[in-house]
Every structure is written in structure tokens, then in C-alpha cells.
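Heads up, the thing below is written out as C-alpha cells.
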Amino acid sequence: MKVIKRDGTTVDFDPSKIIIAIEKANKVVDECDRIEEEKIKEIAHHIQNMKRKRLLVEDIQDMVEHALMDAGKFELAKTYIIYRFERAMVRKANTTDESILSLIRNSNKDVMEENSNKNAVMAATQRDLIAGEVSKDLTKRLILPEKISKAHEDGVLHFHDADYFIQPIFNCCLVNIGDMLDNGTVMNGKMIESPKSFQVACTVMTQIIASVASSQYGGQSVDVSHLGKYLRRSYEKFKANIEETCCDKLDPETKEALAKERLQYELKGGVQTIQYQINTLMTTNGQSPFVTLFLNLQEDDPYVEENAMIIEEILRQRLQGIKNDKGVYVTPAFPKLVYVLDECNNLSGGKYDYITKLAVKCSAKRMYPDYISAKKMRENYAGCVFAPMGCRSFLSPWKDEAGNYKWEGRFNQGVVSLNLPQVAIVADGDEKKFWEILDERLSLCYDALMCRHNSLMGTRSDVSPVHWQYGAIARLKKGETIDKFLMNGYSTLSLGYIGVYEMTKLMKGVSHTQPEGEAFALKVMQYLRATCDKWKADTGLGFALYGTPAESLCYRFARIDKERFGSITDVTDKGYYTNSYHVDVREDIDALAKFTFESQFQQISSGGAISYVEIPNMRHNLAALAEVVKFIYDNIQYAEFNTKSDYCHVCGFDGEIIINDDGEWECPCCHNKDHALMNVTRRTCGYLGENFWNVGKTKEIKARVLHL
């Protein structure tokens with residue numbers, strides 16, 4: 001029998017530890033309240049003879065208490081309980097020493113891998129992570145109600161971003177960049193007026209992004225359509241300057257050509273500024289700003305032509321990549337790009353289809369941009385099209401006093417996620433019990449989300465002037481509270497969820513892609529959505545159901561459940577849970593069918609939803625990729641692509657690995673020839689499976705099909 005200790009490690013069951021603990025309590029009570037030595041051994045051996053595969057330390061201690069009370073030794077049981085409490089207080093007195101020291105030693109894997117955007121080896125990042133460990137400790141011990149802390153530790157739910165919870169800051173937002181550029185802003189006590197050119201507008205925008213990122217813990221999104229007017233200002237400035245300088249020396253056509261040439265130079269420089277600034281600036285939390293650029297062409301926009309030029313240039317530069325420390329062009333992590341498909345650019349003969357074709361090329365090489373269907377989004381969000389926040393969550397529709405929908409300048413207060421497979425494990429196939437447990441755990445999630453909300457109430461605008469006083473969210477006075485932006489649905493509170501696939505397998509014995517499983521999964525999803533809607537109606541707060549990638553949480557829940565409940569086939573044995581409503585990666589389903597199936601779940605997850613497919617060798621399959629993009633417009637709101645492509649692990653080169661004159665695969669950048677240090681994929685016959693080495697015929701990769 002194995003015992004799971006409080007730090008998560010597993011040891012063999014040792015009955016002598018129970019005997020020693022009871023004997024210590026025995027010594028401090030009156031003789032009449034003591035229990036016989038034989039009885040102590042009986043208690044220890046009774047627990048041992050249960051032959052459970054795993055037991056938590058706390059479960060063993062509960063069993064001892066019950067055994068002492070059953071024996072009528074109430075005073076002894078009380079002493080034992082007090083002893084447990086005192087030991088717990090000692091443990092709680094300081095729980096951060098080891099976690100902080102392990103961060104410095106680069107051995108704290110849980111924290112180092114929790115955020116893939118942070119380099120936990122760097123001193124600046126470690127400073128933020130150390131502060132985060134202190135925040136998590138205080139949150140767990142002193143701030144959160146004990147039932148919420150225990151639910152988090154037990155994997156019932158996940159209280160996201162506890163490493164920032166002690167500070168009055170929120171999750172993610174849509175920056176009101178239009179207001180800040182048009183009306184000016186203030187950073188570090190210095191006035192920044194409205195830009196007079198595109199280049200300056202790009203510089204100011206990146207400075208705003210860095211400042212915003214330093215005072216919140218989640219991502220942010222910026223709509224680049226606000227830059228169109230500044231590109232026109234640059235054009236008008238160039239035209240006037242050429243007219244003034246050249247006067248009658250040049251004909252109108254030449255003047256126009258010169259103005260456009262200078263404009264193209266400024267356009268390229270401005271976009272390059274955005275890309276390099278975002279990738280070189282470091283925020284106060286030790287990472288590049290977590291930012292998404294929203295690429296949306298609106299035909300009724302007076303600056304639509306300028307915005308088309310800006311989006312095209314952003315895609316061109318992303319397609320090229322950015323040089324790493326070895327001078328090789330690689331794919332930068334930021335800014336993330338989200339491209340909107342609409343009537344004018346959905347590859348059905350629209351005016352701006354040429355930009356979408358460029359986006360497809362960019363996706364094939366760089367796996368960006370992600371795609372949003374304006375058509376499907378309008379169906380789901382009251383006819384509106386708007387950006388997801390940096391963390392991919394969506395705002396709920398909200399109207400201002402004039403009755404106009406408002407999106408920019410709004411934010412998310414925080415997230416709590418529910419472990420759905422664990423509900424099903426505990427229910428053990430009993431559907432009535434499943435719904436009872438689900439209700440209990442949703443109640444815990446509500447309480448946890450209200451902790452998020454209440455911690456922000458009363459916050460004054462001075463905590464982050466760029467957000468609250470100078471336009472990113474609002475323009476409040478100094479000392480004014482932010483409370484009105486927390487109420488009436490202006491900002492959101494997100495209920496996340498993990499493991500619809502595993503939950504369905506446990507309850508119905510089939511995947512949620514099968515008819516019986518699909519009906520059950522949709523029923524659960526609709527219940528989660530209805531619960532969020534009820535919370536919203538009862539409180540006036542912006543509760544929303546959130547189904548987007550959860551990074552390490554898929555592994556954390558699975559690891560906890562395996563420790564608690566053992567190895568369960570196709571559930572805990574995999575080492576991960578499938579994120580939100582997604583189809584499990586091992587299911588045999590094509591890309592279009594996957595999007596069609598998952599689109600029904602996106603409609604329910606109003607607080608955020610994204611679906612993805614993996615398409616091998618996208619660089620050599622542009623026509624097929626374009627067809628998938630065209631399919632997205634009519635069928636699913638938000639989608640992205642993954643792929644397996646050539647990559648050299650020595651220098652980071654992610655172009656096409658070549659075959660040299662000796663018939664060997666070779667990196668054209670660093671000339672690495674070690675295949676073990678390369679990912680190489682080739683497609684010559686349509687085969688999309690794994691490749692293997694055929695050593696007998698030079699070092700040529702052959703697909704496992706007769707066609708080759």
C-alpha cells in the first residue's frame with residue numbers, strides 16, 4: 001500500500017508511524033483515558049489490512065481519529081486532533097523556503113513549466129516567480145477560504161494565477177488603444193500626445209503594450225485598425241512635403257509615386273518597430289508582453305485601404321520571421337496574430353482575398369495567424385465582431401449608456417477551472433450522483449470566483465495609472481475606485497473546464513464524438529452555461545463559460561487524479577486530460593469533421609473557445625490549407641493550425657532541411673547532419689503518417705506505403 005504525502009511524494013505504508021503518533025498522544029492524557037498497547041497495534045494493522053492501493057496522509061489520520069472514538073477514547077482522540085492541528089500550523093508557518101530555493105537551483109519543475117512564455121532561468125524572471133511563490137503561499141494559508149484552498153489542492157478545481165492574487169490586478173483585457181492614440185496618454189508621469197505619423201504611432205503603441213503588461217498578469221489584445229488613420233497622416237505629410245519641395249519641377253504622377261514610395265518605407269519601418277519592440281522589451285514580470293494583434297478589415301471603415309496595407313505588411317514580416325542569436329530567421333512567440341475572415345476576404349472572390357492567401361502562406365510556415373469567422377461570431381455575439389483577449393477568453397456583450405456595444409477598454413477579473421473527469425470518477429457511473437457532485441463543485445467554483453471579484457472591489461485607480469487613469473481601460477481621477485467597472489457585466493468572471501472527453505468516457509463508456517456520448521456532453525455543457533447565466537442574473541456580474549487551451553492544467557488535474565484514484569484506462573493513465581471540449585488527439589477524425597463537431601461547443605462557451613487541427617507538412621499543402629481556411633468562415637468561430645515541420649535543434653533553423661551532395665540530410669544554416677537533432681518531414685505521395693529511416697538506400701526518408 002502506498003501513502004501520498006502532503007508534498008505529493010509517494011512512500012510505502014509504515015504502520016509503526018501510526019503506533020508512534022498514538023503513543024505520543026497517549027502519554028499526555030490521564031491514565032484512565034489511555035488506550036492499551038494492543039489496541040494501538042490493532043488500529044494500525046486494521047488500516048494496513050484495508051489493502052487500498054493508495055491513501056492520503058490526511059485519510060489515514062481521519063481513520064485513526066474515528067478508531068479512537070469508536071473505542072470510547074474521546075479525550076485521547078481530542079488530544080490526537082490537537083496534535084494534528086499543531087503540526088499543521090507548524091507546516092503552514094512557512095511553506096515557501098523550499099519552493100523558492102528550488103527556483104534558484106532551477107529544479108522547481110512545476111513552477112518553471114507552468115508558464116511556457118517565461119524563461120525561468122533568467123534572474124529577472126526568477127524575481128517575479130519568487131514573488132509569485134510568496135503570493136501563492138499567502139493566498140493558500142491566509143486569504144482564500146480553507147474549503148477553496150483544499151479544493152484547489154485536491155484537484156477539484158483550479159484557482160488560476162494565485163501567484164498574483166495578493167495584488168489588486170486583473171487577468172486580461174482589450175486595450176482601448178484608439179482612445180489612447182487619439183486623445184493621448186501618460187506613462188511614467190510623462191505626457192504622450194496623439195501621434196502625427198504612422199512610425200510614431202507604432203512606437204507609442206508598443207510602449208503602451210509594455211506598460212499595460214507590467215500591471216496585469218494576463219494577455220492583452222490590440223486592434224491594429226486604429227493605426228490606419230496614422231498611416232494616412234504620414235501619406236498626407238509626405239505628399240505635402242514633396243509638393244512644397246518640388247513645386248512645379250515634377251509632374252503629379254511622379255510626385256504621387258514618390259509619396260507612395262516613402263509611405264511604403266515608413267509602413268515597413270513601423271511594422272518592424274512593433275515586431276522588434278514587442279520581442280525585445282521586458283515587462284516587470286520578466287517576459288515579453290503577452291499581446292495579440294487583431295487583424296480585422298471592415299469595408300465601411302474610412303481607413304480600410306490603409307489597414308489592408310498594414311495587415312499585409314504584418315503578415316509579410318511574420319512570414320519572414322525574426323532573427324535569433326545565431327542570425328537565423330525563426331518564428332517569434334509574440335505578438336500573436338488573429339486574422340478575421342469576412343465577406344471581403346474569405347477566399348470566395350473578395351477584394352482582399354490576396355491578403356488571406358498571404359495569411360495561409362504564413363500559417364503554413366509560422367503557424368500564425370489564428371482565424372476568426374466574422375460570420376459565425378456575429379451569430380454568437382449579437383451581430384458583433386471583436387478581438388479575443390490575449391488569453392483567448394471572450395467578453396460578453398455589454399452596452400454603454402447610449403446603447404452602443406462596447407468591447408475595447410474591458411477586461412477579465414479572473415478564472416477558476418473545474419475538473420470534470422474527477423466529478424465522473426467520484427460518481428462511479430451513477431448519473432444521479434454525478435449531477436449532485438457537479439452542483440456541489442459548481443458552488444465551490446462560484447465561491448472561488450467571488451473571491452476574485454471581492455479582492456478587486458475597493459481598488460483605487462492609483463494602483464495602475466496606465467489602466468485606470470490614462471485610457472487603457474478608463475480615465476478615472478486619482479484616488480477613485482474601479483468598482484463600477486467590476487459590476488453590471490462590464491468585466492467578466494470566467495468558469496473554465498477540463499476533460500469533457502474523459503468525463504464522457506467514464507459516464508457513458510464512449511467518446512463524446514459518439515451519439516450517446518455527444519448527447520451527454522452537450523447536456524453537461526449546457527448545464528454549465530445555464531449555471532453561469534444564473535449566477536449572472538442573480539448578481540449582475542459578468543460570469544461566462546470559458547473553453548480555451550489550459551496549458552499545464554490538463555496535466556496537473558490528471559496527475560492529481562492518478563495519485564488519488566490510481567490508473568484508470570483512457571483517463572488517468574494517459575498523463576493528461578483533453579482540454580475543454582476538444583476531440584481527443586488519438587481519435588481518427590479529419591480536420592473538417594473536427595471543426596464541425598467542435599463548433600457546437602463553441603456556441604455554448606460564450607466566454608472563450610478555440611479549436612485546432614494538426615496538418616502535417618503544411619508548407620507543401622497550401623491548396624488544402626486554403627480550403628480549410630475557407631471552411632472555417634462558414635463553420636466555426638475561432639480556429640488555429642498546428643503542424644510538424646522541418647526544424648534544427650542545434651541552431652533553431654525552421655526552414656526546409658536539405659539533402660546534400662552525399663545524400664545526407666543537412667541543416668543549411670549550421671550544417672548539422674545529425675538526424676537525431678532534426679525534425680524532418682516530407683510528403684511526396686499524400687501519406688500523412690510517420691516517417692522512418694531506410695538506411696539501405698542512402699539516408700533517405702521513406703514513407704511506410706507501397707507507393708514509394
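The values are calculated or read from the model by the stated rules, or taken from the named source; none is laboratory data. For clarity, every value in this text was computed on a predicted model and none was experimentally measured. As a convention, Cβ positions derive from the backbone with ideal geometry for all residues, glycine included, and neighbour counts pool all protein chains shown. Just the protein is used for accessible areas: all its heavy atoms, side chains included, with ligands, DNA and RNA removed. Shrake-Rupley method; radii C 1.70, N 1.55, O 1.52, S 1.80 Å.
Of all beta bridges that DSSP places with both ends in the chain, some 40 percent have antiparallel geometry.
Mean projection of the Cα convex hull over all viewing directions, computed for segment 267-360: 6.8 nm².
If you sort Asp573, Asp12, Asp447 by accessible surface, 1.4 Å probe, largest first, the order is Asp12, Asp573, Asp447. Per residue, the accessible area of segment 271-413 comes to 37 Å², computed with a 1.4 Å probe over protein heavy atoms only. Amide H contacts of Phe543: Leu493, Lys536, each under 5 Å away and 5 or more positions distant or on a separate chain (H built 1.01 Å from N in the peptide plane; Pro and chain starts excluded). Counting heavy atoms of the protein chains alone, Lys268 has an accessible area of about 120 Å² for a 1.4 Å probe. Computed on the chain, with alpha-carbon pairs under 8 angstrom and 6+ residues apart, the relative contact order is 12 percent. Rounded to whole Å, the principal axis extents of the Cα atoms in segment 120-208 read 55, 29, 22, largest first.
The DSSP beta bridges internal to segment 391-534 are antiparallel in roughly 20% of cases. Distances between placed amide hydrogens fall under 5 Å for Glu614 paired with Asn642, all partners being 5 or more residues away or on another chain.
Here's the list of lysines a cross-link from Lys136 could span, going by alpha-carbon distance under 29 Å and ignoring same-chain residues fewer than 8 apart: Lys2, Lys5, Lys92, Lys109, Lys118, Lys147, Lys150, Lys336, Lys484, Lys536, Lys562, Lys574. Summing charges over all other residues whose Cβ lies under 12 Å from the Cβ of Thr492, with Lys and Arg as +1 and Asp and Glu as -1, gives +3. Taking Lys and Arg as +1 and Asp and Glu as -1, the other residues whose beta-carbon sits under 14 Å from that of Lys478 total +1. What the Cα convex hull of the chain gives, in volume per residue, is 210 Å³. The accessible area of Leu545, taken with all protein chains in place and a 1.4 Å probe, comes to roughly 0 Å².
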